[in-house]
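Student: Right, I'll just put the structure down here and ask away after.
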Amino acid sequence: MRQKLTLVTLGVRDLQKSISFFEDGLGWKRSSGSQDGVAFFQLNGMVLSLFDRKELAADANVPEEGSGFPAFSLALNAKDRAEVDSVLEQAAQAGAVIVKPAEEVFWGGYSGYFRDPEGFLFEVAHNPFWELDENDNIILP
């Protein structure tokens, strides 16, 4: 397998509310390739997909209901600390819950977390040890 991810699909209970959060709240643009029952957002080399939770579980042939912490988060690496604060504020105004306000963190950066209306965790972080290229892609050392 190539060392690459191209699509992240979130199984959501309320598709329209989730679409509204990303479009109206965060200002993201939905792809014209979206269809009834699925929304796609182009993310600079990746795609975020919003899909009905029950349908996603059925497609993967797994039970819909899980429990506990899902053990993953999605993240945006910000250009600086001010962008971290700005994104967290925008997310809160859009209906997200700030679960960890931005702060200096043990690894030497600055980050905070929000939970979107469906409960998915998003970290917003500035990592002074990682460079971003002209397309805001991370350049690992």
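Student: For region 9-90, state the semi-axes of the equivalent ellipsoid (square roots of 5 times the eigenvalues of the alpha-carbon gyration tensor), sorted largest first and rounded to whole angstrom. Walk me through the numbers on the way to the answer.
Tutor: On the way: eigenvalues 122, 58, 27 Å².
Each semi-axis is √(5λ); the values are 25, 17, 12 Å.
Student: Given a 1.4 angstrom probe, what's the average accessible area per residue across region 45-104, in square angstrom?
Tutor: On a per-residue basis, 66 Å².
Student: Then there's this: If the only charges are +1 at each Lys and Arg Cβ and -1 at each Asp and Glu Cβ, what is the size of the charge dipole of the chain around the Cα centre, to the nearest 20 debye? Intermediate values should be presented prior to the final figure.
Tutor: Details: 12 positive and 22 negative charges, 53 e Å.
Around 260 debye, computed over the chain.
Student: Could you compute the net charge surrounding VAL84? Neighbours are other residues with a C-beta less than 12 Å from the C-beta of VAL84; K and R count +1, D and E count -1. All intermediate terms of the calculation are to be shown ahead of the outcome.
Tutor: Working: positive: LYS79, ARG81, LYS100; negative: ASP80, GLU83, ASP85, GLU89, GLU103, GLU104, GLU123.
Local charge sum for VAL84: -4.
Student: Tell me which lysines have Cα within less than 20 Å of LYS79's Cα, excluding those fewer than 8 residues away on the same chain?
Tutor: LYS100
Student: OK, next. Put +1 on the Cβ of each Lys and Arg and -1 on the Cβ of each Asp and Glu in the chain; which of PRO117, ALA78, PHE129 then has its Cα farthest toward the positive end of the dipole?
Tutor: PRO117
Student: Could you work out the Rg to Rh ratio of region 100-141, with Rh taken as the Kirkwood radius (inverse of the mean 1/r over all Cα pairs)? Could the numbers behind the result be given before it?
Tutor: Details: Rg = 12.2 Å, Rh = 11.6 Å.
Rg divided by Rh gives 1.05.
Student: May I ask for the net charge around LEU15, where only other residues with Cβ less than 10 Å from the Cβ of LEU15 are counted and Lys, Arg are +1 while Asp, Glu are -1?
Tutor: On the way: positive: ARG13, LYS17, ARG53; negative: ASP14, ASP36, ASP52, GLU55, GLU118.
Net of charged neighbours comes to -2.
Student: To continue, here is another question. Please build a GNM for the chain, connecting alpha carbons under 10 Å apart, and tell me which residue among PHE22, PHE122, PHE106 fluctuates the most.
Tutor: Evaluated over the chain, the most mobile residue of the options is PHE106.
Student: Related question: With the chain treated as a Gaussian network of Cα nodes joined by springs under 10 Å, which of PHE51, PHE40, PHE69 yields the largest mean-square fluctuation?
Tutor: PHE69
Student: Per the 1.4 Å probe, what fraction of the accessible area of the chain, in percent, lies on carbon and sulfur atoms? Let's see the in-between values first.
Tutor: Working: 4660 of 9160 Å².
The C+S portion of the solvent-accessible surface of the chain is 51 percent.
Student: Let me ask you something else. For a quick check, take a GNM of the chain with Cα springs below 10 Å and name the residue from ALA96, ALA39, ALA60 with the largest mean-square fluctuation.
Tutor: For the chain, modelled as a Gaussian network with Cα springs under 10 Å, the answer is ALA60.
Student: Before rounding to the nearest 500, sum -39500 (n - 2.57) across all DSSP H runs of length at least 4 in the chain and divide by the residue total; then give [θ] at 222 nm in deg cm²/dmol. Walk me through the intermediate numbers first.
Tutor: Working: 3 runs with 27 residues, N = 141.
Helices in the chain give a 222 nm mean residue ellipticity of -5500 deg cm²/dmol.
Student: Separate question: Can you pull the Kirkwood radius for region 65-132, inverse mean 1/r over Cα pairs, to one decimal in Å? Write down the numbers at each step before the final one.
Tutor: Details: mean 1/r = 0.0810 Å⁻¹.
This gives a value of 12.3 Å.
Student: I would also like to ask the following. Could you grab the Rg to Rh ratio for the chain? Cα atoms only, Kirkwood for Rh. Please list the in-between numbers first.
Tutor: Working: Rg = 15.8 Å, Rh = 16.3 Å.
Here the Rg-to-Rh quotient is 0.97.
Student: On to the next question. What is the local net charge at ASN137, summed over the other residues whose Cβ is closer than 15 Å to its Cβ (Lys, Arg +1; Asp, Glu -1)?
Tutor: Working: positive: LYS4, LYS79; negative: GLU131, ASP133, GLU134, ASP136.
The answer is -2.
Student: List the GluC sites (Glu not before Pro) in region 5-81 that DSSP assigns to loop (not H, G, I, E or B) and whose Cβ has at most 14 other Cβ atoms within 10 Å. Which are they? Could the numbers behind the result be given before it?
Tutor: Details: sites: GLU23, GLU55, GLU64, GLU65; in loops: GLU64, GLU65.
The qualifying sites are GLU64, GLU65.
Student: Please compute the contact order of the chain in relative form: average sequence separation of alpha-carbon pairs under 8 Å and at least six residues apart, divided by the residue count, as a percent. Show your work: numbers first, answer last.
Tutor: Numbers: 229 pairs, mean separation 29.4, N = 141.
Rounded, it is 21 percent for the chain.
Student: Of all beta bridges DSSP finds with both residues in the chain, what is the antiparallel percent, to the nearest 5?
Tutor: On the way: 20 of 30 bridges.
Of all bridge pairs located within the chain, approximately 65 percent are antiparallel.
The values are calculated or read from the model by the stated rules, or taken from the named source; none is laboratory data. Note that the coordinates shown come from a computational prediction; the quantities given were computed from them, not determined experimentally. Note: ideal-geometry Cβ built from the backbone for every residue, glycine included; neighbour counts use all protein chains shown. Please note that ligands, DNA and RNA were not included when accessible areas were found on the heavy atoms of the full protein model with its side chains. Shrake-Rupley method; radii C 1.70, N 1.55, O 1.52, S 1.80 Å.
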